[in-house]
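**Q** Sharing a structure here in structure tokens format.
What follows is calculated from the coordinates using simple rules that are stated; it is not laboratory data. All values derive from a computational prediction rather than experimental measurement. In this analysis, Cβ positions are derived from the backbone assuming ideal geometry, glycine residues included, and neighbour counts consider all displayed protein chains.
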Amino acid sequence: MEQRLTRREWLATLVKALATLLAIVYSIPTLVMLVVPAFRRQKNPWIKVGNANEFPVGEPKAVTLSYQRRDGWVIRTVRSTVYVVVKPDGSLKVLSNICTHASCAVRWERSRNAFFCPCHAGYFDAEGKVLQGPPPRPLPEYPHKVEGGLLYVRLENV
């Protein structure tokens, strides 16, 4: 036996289908606003280090930088330390303070005229090259620029 829909049942089904369709259509922008930031990659900004002429020649100077980083929906303040090295010819290098062996923080030892990594007694010269110990590579150098007498650095994952 054939079952026929009454007009009331047909209209109820139509209204439910339209309501479902509208709910899906209106939820798409909301879902996009919630999901897209999690996949958006922020380009590392140029961070001001200081006046380029305030760094001593030949002796690395540690500078702690503080900047805002966006990770998905979270904006957090990040602190990083870099070493600024001024060569005798006046050119600059900005080195990471993280050892390439075990990711320990290095420190400048004036008495040895070298960076020292306390984890496994690794030493680097003032230019970041390995002098002794287990580090496989020199200290990473960050891209930098001088504009208007100010030194800027871009902290990339090098």
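**Q** If I take the Cα coordinates of the chain and project them onto the principal axes, what are the three extents in Å, biggest first?
**A** In descending order, the Cα extents are 99, 40, 20 Å.
**Q** Can you find, among Gly50, Pro88, Tyr67, the residue sitting farthest towards the positive end of the charge dipole of the stretch 38-158, where Lys and Arg contribute +1 and Asp and Glu -1 at Cβ?
**A** Result: Tyr67.
**Q** Considering only lysines 8 or more places apart in sequence, or on different chains, count the pairs in the chain whose C-alpha atoms sit under 24 Å apart.
**A** 15
**Q** Between Ser66 and Val25, what is the FRET efficiency for a Förster distance of 41 Å, r being their Cβ-Cβ separation, to the nearest 0.05?
**A** My answer for the efficiency is 0.40.
**Q** Here is a follow-up. For the stretch 1-72, what is one quarter of the convex hull surface built on the Cα atoms, given in nm²?
**A** It is 9.3 nm².
**Q** Using the Cα centre of the chain as the reference point, and only Cβ charges (+1 on K/R, -1 on D/E), how large is the resulting charge dipole? Debye, rounded to the nearest 20. Please list the in-between numbers first.
**A** Numbers: 22 positive and 12 negative charges, 117 e Å.
The dipole of the chain has a size of about 560 debye.
**Q** Stick to the Cα atoms of the stretch 1-40, pair each with every other, and give me the Kirkwood hydrodynamic radius in Å at one decimal.
**A** 12.7
**Q** Using only the alpha-carbon atoms, how far is helix 7-39 inclined from the longest principal axis of the chain? Give it as 0 to 90 degrees, nearest 10.
**A** The answer is roughly 0 degrees.
**Q** Given only helices, namely DSSP H runs of n ≥ 4 each adding -39500 (n - 2.57), what is the per-residue ellipticity at 222 nm of the chain, to the nearest 500 deg cm²/dmol? Walk me through the numbers on the way to the answer.
**A** Numbers: 1 runs with 33 residues, N = 158.
Rounded to the nearest 500, it is -7500 deg cm²/dmol.
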